[in-house]
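Working notes, beginning with the structure itself.
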């Protein structure tokens, strides 16, 4: 299954969708057997820890995960000189992913021979490891104990007006309920997103070859990326000319959602947060000096909301929304 994925490269990194990563983890865990007879009950692995973390790391991104399959390893089951089981398939040095995008998780799949000589049971198996991005922000969340087995039921929420709009004019994104309620109530007039390497494809135009389209007046004679800031605080690429935002409060069709029409006079504003990088430059006499590059920025796109065309909330979110609305009325922040 892994080798049939588009872009698969043997012993190298390739991109997969979040849903594919979840299926891989579930399929792998389904091949593992635990019993008192095997003496491995204390090593029982909770797949939901990995799946919940993976969900956290890919939320509000393009949903892509790096994956690498390392074939035919013959690792020992026991730690040398310790008499204890290995609890990870790598040593933290030789197999740790390096020089990857700092904002994207990596799913490592170690294909082990499982030989009897190495202390295993004579059966090949896959040992998955999930590496979190180096710049992962701290967060508190609960482990979903039934993530694999949970089958969501209920009413699928569909927006009728969405079906009448050209999909090319719609940008689909996830968001939390709080900002969604503020938009519905007219308290929030913009919806913003930071343009990152992992999310740029959602917002930027691409040509037939898959390259980002340069903004008008930008000469393609230098290397630009999403952190480039040209003279006059100019972003080097074109954003998609979307007219609507389709905002979902969950990944599936059972969550709350809303359809927003953007202000056609000014669809969005691009705001840079400049920063500098330093490089050591050596002269002809081998003397070193520090070169500061100030043409760098983190860019945020603010989509300008004209009006909410349609929204639907789950029963639970309806209750939260009505309570939130009443609280604002009671505090005088919203007219009744």
Original post:
How many residues are at pLDDT below 80 and within 30 Å of residue 200 (Cα to Cα) if we restrict to segment 43-57?
Top reply: 1
Original post:
Taking only pairs six or more apart or across chains, which ones have beta-carbon atoms under 8 Å, a first residue in segment 313-325 that is more than 21 Å from residue 246 (Cβ to Cβ) and in the same structural domain as residue 184 (by TED's automatic domain parsing), and a second residue that is at pLDDT below 95 and outside any helix (DSSP H, G or I)?
Top reply: 325/334
Original post:
Does segment 16-29 hold any residues that are under 17 Å from residue 132 (Cβ atoms) and either in a strand (DSSP E or B) or out of contact with any helix residue (DSSP H, G or I) (no Cβ under 8 Å at 6 or more places or on another chain) (or both), and which are they?
Top reply: 16
**OP:** Show the residue pairs that are 6+ apart or on different chains and have beta-carbon atoms under 6 Å apart, the first residue being within segment 24-35 and more than 26 Å from residue 64 (Cβ to Cβ) and assigned by TED's automatic domain parsing to the domain that holds residue 8, the second being modelled with pLDDT under 85 and assigned to a loop (DSSP other than H, G, I, E, B).
**Re:** 34/40; 34/44
Original post:
Across segment 266-290, what is the number of residues that are modelled with pLDDT under 95, in contact with a strand residue (DSSP E or B) (Cβ under 9 Å, 6 or more places away or on another chain) and not in a strand (DSSP E or B)?
Top reply: 1
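The values are calculated or read from the model by the stated rules, or taken from the named source; none is laboratory data. Small disclaimer: the values here were computed from a predicted structure and weren't measured. Using ideal geometry, Cβ is built from the backbone for each residue, glycine included, and neighbour counts are taken over all protein chains shown.
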